[in-house]
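All of the numbers you see were taken from the coordinates with simple rules; none came from a lab. From a predicted model like this one, the values you see are computed outputs, not experimental measurements. Here the Cβ is made from the backbone with ideal geometry for all residues, glycine too, and neighbour counts use every protein chain on show.
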Amino acid sequence: MTTLYGPVLLFVLAQPAIAGPAAAFDEVVVLATRHAATSLEVPASVDRVEGSALREGLGVNLSESLGPVPGISVQNRQNFAQDLQLSIRGFGARASFGARGLRLYADGIPATMPDGQGQYSHFDLTGADHIEVLRGPFSALYGNASGGVIAIYTADAPAGGLVEGTAEAGSFSTQRYALRGGGESGGAHYILDAAHFSTDGYRDHSHAERNSANAKLKLDLGARTRLTFVANAVGTPPVDDPLGLTAAQLAANPTQAGANALTYNTRKSLAQEQAGATLESQLTDADRITALAYAGHRHTTQFQAILQSVELASPTHPGGVIDLGRDYRGGELRLADSRTPGGTPLEVTAGVSYDVLEEARRGYFNFDGTDLGVEGALRGDEGNRVRSLDEYLQAEWLPAERWRIVAGLRHSDVHIVSHNHLLATPPTSIDYAATNPVAGITLRATPELSVYASYGRGFETPTLNDLAYRSTNGSLPGLNTALVPARSDNYELGAKLVRGATRATLAAFYIRTENELAVKANSGGRSVLENIGPTNRRGVELGIGRTLGHGLAGALAYTYLDAKTLAPYVACAVTPCTPVTVAAGSRLPAVPRNALYASLTWKSSDEHASLTAETVGRSGIYADDRNLATAAGYWSSNLRATLVQQGSRWKLTETLRLDNVFDRRYVGTVIVNETNSRFFEPSPGRTAYLIVSAAYR
């Protein structure tokens, strides 16, 4: 694959750059140290994607805009009932839905619950100021399930006010309408937006709709204090689930729905609302305090394609309909102190966070008499509660002019309790705790070049879904308390260069994980997990952005990731369970060894016209832990053309997107360890979208 893109890299690096100050092309980030710093200063892999780049996509999925960030894999499953397939350096790759093993934040509010399961359907790309992606050792400073961190930040209200409307239309009857507006009055700054999205989808039985709204209000309470309120809501009527395809189905017709998707009308609906408030105050010239409080509710109903005969065969089967209600709340208090003892700058940050999840989980038959795909008799009724209490301390010290040392420690305590109301069995509870250190050092070799090294120890607890079953036939009730958290040692070396209009980052990493979670058995809607032996993740990440002459700019992101098990373990091959051995050296499923993104953009001198060509390539991936099912590697190219008409207070923009220009046929994602070998989720061929927006200031 590399030979396809080598000329692109050589072209980007060989062109003469337009001279300019280094700082103008460096990124200001906050995730690694919890205060604003340029990326050259921090000993961590962290990238920032601006809101303007997010809005160059359709504004629907994170996968549209995070291609230039190395180390992260965000793939559109063409299935809005199952979200995106998201992983960072292999963490989260085995997640069957949502995000697992990663920390997600929206305006400081955790989108990852205290059990480690995360959702990002409420991430508001329309009104975002930027997104930050943190990879590597310093992710451990965010606690449980922090194999990487993704944080989205809503934009502040623009000076003078703004009203903007967007309309989109394209392939598969895709439509999206969005409205955004904001302004300021006295010490109040407000901005809000709302959007409606719908599509018939690439495959049969993949229609989807989504409605979302987001609001932010910032109040200046004096020269040193600011109070910010954020609120958002997202809702979908029943979204069709086309399920995965077997290899034979994929070869015969990639647009078809999977087996029994139509018979049982597989679908999912959700409604989520949340709100939070953040108080920031500069207490003295040296001390500042930040306090966050939030609360939310999420309700999900999902109809699965579990056969009626399978559900009736077991008196304890939980049924083929999941009805899940989640109430969550929490807060964080953080104090930062900045001083210069002995003439050397030192900043110390201490904080505590408390998060609670209360879950009502019910299961129903997905049939009623002869009617299939409807809610039937109650089969399960559980009440689950998870709470986490974390304390952390970190310090940043500049002992000499060119040196920066950052170190931290975080203690996490997670308590889980489950009540089975239907069986009236005694509650099951389990506690997990860990203390994780992080340290890194940066040397500013020149004003334009920094090198760094870092280490962090992280952990990942089993989620409520991971703990749900001890056996596939339901003979062993209660949580799977035999599971223990996965622990990882994370090492990284890197270099960052900002020279003129060029920004380049290079990072090499090694991660060893003990007690990683994997599927032991999977049958009839029940997944039993186990802790397996050690795994290794090692790789290299390269990111380059360069402004060229004649209105050209190029970007490139390359990731090499070798992730595999180091010891054999026993799992089940078929239903009923037949024990098989997963060999040592088996590669982590859903993780490509090589991934590359390259783009070239031309803009006219007045910035009223632009054209972008981008290419994405990924090597083949495995769909199961045994490495028997494979999705082939691919490359795909996209084009984007934009015209802008600008008045004194108004701006009109038209964008035409052509994705997969050469009409490649490929499998973009896989359903890892799918019970019936329905692993494959094909991606569409050539698609076209027209986006028109009008803004008035």
Next on the checklist: Sorting check: for 118-129, 161-172, which peptide has the highest mean count of neighbouring beta carbons within 10 Å, and how do the rest follow?
Outcome noted: 118-129, 161-172
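By count of other Cβ within 10 Å, fewest leading, how are Lys216, Lys603, Lys520 ordered?
If I rank by nearby Cβ atoms, fewest first, I get Lys603, Lys520, Lys216.
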Item to check | Asn536-Ser475 pseudo-label distance in nm [points 7 Å out on the Cα-to-Cβ vector] | outcome: 3.9
Item to check | Chain lengthening between Tyr177 and Val451 when straightened (0.36 nm per residue, less Cα-Cα) | outcome: 94.1 nm
Checklist outcome for this item: Sorted on mean Cβ neighbours within 10 Å (highest first), peptides 341-351, 471-481 come out as 471-481, 341-351
Checklist entry - Taking a point 7 angstrom from the Cα of His421 along the C-beta vector, which residues in the range 314-330 have backbone N less than 11 Å away? => result 325
Next on the checklist: Straight-line reach only, C-alpha to C-alpha below 13 angstrom: list the aspartates and glutamates that Lys218 could link to, leaving out same-chain residues fewer than 8 apart.
Outcome noted: Asp107, Asp156, Glu184, Glu280
Item to check | Per-residue ³J(HN,Hα) for the range 244-253, Karplus 6.51 cos²θ - 1.76 cosθ + 1.60, θ = phi - 60°, Hz, x for Gly and Pro | outcome: x, 10, 6, 4, 5, 5, 4, 5, 6, 6
Item to check | Protection-proxy order for peptides 94-100, 46-52, each taking the mean of Cβ atoms within 10 Å per residue, highest first | outcome: 94-100, 46-52
Item to check | Between 0 and 90°, nearest 10: helix 2-14 axis offset from the chain longest Cα axis | outcome: 20
Item to check | Contour minus Cα-Cα distance for Ala433 and Arg339 (0.36 nm per residue) | outcome: 30.6 nm
Checklist entry - For Asp368 and Thr578 in the same chain, what is the full-extension length gain: residue separation times 0.36 nm, less their Cα-Cα distance, in nm? => result 72.4 nm
Checklist entry - Label-point separation (nm) for Ala36 and Ile405, each offset 7 Å from Cα along Cα-to-Cβ? => result 2.8
Checklist entry - Based only on Cα atoms, what Rg/Rh ratio does the chain have, Rh being taken as Kirkwood's radius? => result 0.95
Checklist outcome for this item: For the range 393-398, in residue order, the Karplus 3J(HN,Hα) values (coefficients 6.51, -1.76, 1.60; θ = phi - 60°; whole Hz; Gly and Pro = x) are 9, 9, 9, 10, 10, 10
Next on the checklist: Can you tell me which aspartates and glutamates have their Cα less than 19 Å from the Cα of Lys520? Leave out same-chain residues fewer than eight positions away.
Outcome noted: Glu460, Asp466, Glu530, Asp624, Asp625, Glu674
Next on the checklist: Between Ala350 and Ala159, how high is the FRET efficiency from 1/(1 + (r/R0)^6) when r is the Cβ-Cβ distance and R₀ = 41 Å? Nearest 0.05.
Outcome noted: 0.70
